[in-house]
Amino acid sequence: MSTNFDALMDSPGWKHAEHVAYSVRMLGDITAGYDEAVDREEFLHARCMIDAFYVHLRLLADFLMKSTKNRDFGPEDFGIVWTGPETPEANRLAEYWSRASTEQLEDLEPFQVDGQAFHAMTADALSVFSGFLDQLESKAAEWMGGVQIPNRGSDPDGWRLRVMADQAATLRGAFTAAAHAINGG
């Protein structure tokens with residue numbers, strides 16, 4: 001196997017895309033399956049889905065709407081300049097982040113837990129995420145090398161573009177799967 005391939009699979013950029021993609025997919029999968037788990041009376045499974053849903057919603061909202069802290073990665077690590085949009089979906093996503101981040105029980109407001117609520121929250125998250133993804137894909141379109149994997153040392157610009165193209169493809173796949181899942185796919 002090529003050492004360039006190994007380097008690509010081990011690169012922080014590839015790992016970052018996989019982490020974000022996992023959260024996007026989890027939101028779609030949980031949204032699509034929560035009500036069925038309740039209907040089958042799989043209550044432990046359903047409770048685990050609630051926890052996982054809010055963890056991944058918070059992670060995605062943190063990525064898209066909050067400034068990056070020293071040990072975290074953010075949109076700028078994908079080689080683009082990203083500012084969370086000023087849209088109703090983004091405002092709601094910020095509210096979901098606050099809800100998922102509440103540490104004081106007395107500050108926790110009651111909230112709806114069902115597939116319909118998960119669908120609305122996931123749709124908002126995907127709406128904001130699509131703006132990030134469009135920007136990443138626009139920049140990644142500069143990669144013209146197909147399946148070639150440049151050498152990071154001798155072709156740093158080609159390497160950066162190839163990593164970005166792989167990131168965009170990974171994230172587009174996750175976005176498409178999640179959108180398909182929440183729309184009855």
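Observations, loosely collected:
- Test result for ASP72, open to solvent by 40 Å² or more (accessible area, probe 1.4 Å) and either β-branched (Val, Ile, Thr) or in a helix (DSSP H, G or I) (or both): no
- When ALA117, ALA179 are checked against the criterion of being without any contact (Cβ under 8 Å) to a residue 12 or more places away in the chain and either open to solvent by less than 40 Å² (accessible area, probe 1.4 Å) or touching an Asp or Glu at 6+ places or on another chain (Cβ under 7 Å) (or both), a single residue qualifies: ALA117.
- Picking from residues in region 34-69 that are farther than 29 Å from LEU136 by Cα and not in a helix (DSSP H, G or I), the one that is least open to solvent (accessible area, probe 1.4 Å) is GLU42.
- Of all residues in region 148-174, those that are of a type in the set (Ser, Thr, Tyr) have Cβ atoms under 7 Å from Cβ atoms of residues that are open to solvent by less than 20 Å² (accessible area, probe 1.4 Å), 6 or more apart or on another chain, in THR170/ALA17; THR170/ALA21.
- Residue count, region 37-94 (criterion: of a type outside the set (Phe, Trp, Tyr), touching a helix residue (DSSP H, G or I) at 6+ places or on another chain (Cβ under 9 Å) and under 16 Å from LEU171 (Cα atoms)): 11
- Pick from region 122-162, criterion under 25 Å from the mean Cα position of the chain (by Cα) and among the acidic types (Asp, Glu), ranking: surrounded by the most Cβ atoms within 10 Å (Cβ to Cβ): ASP124
- Residues being at pLDDT 85 or above and either assigned to a loop (DSSP other than H, G, I, E, B) or on the phi > 0 side of the Ramachandran plot (or both) - total across region 75-113: 9
The values are calculated or read from the model by the stated rules, or taken from the named source; none is laboratory data. For clarity, every value in this text was computed on a predicted model and none was experimentally measured. Glycine also receives a Cβ, built like all others from the backbone with ideal geometry; neighbour counts cover every protein chain displayed. All accessible areas refer to the heavy atoms of the entire protein, side chains included, with ligands and DNA or RNA removed. Shrake-Rupley method; radii C 1.70, N 1.55, O 1.52, S 1.80 Å.
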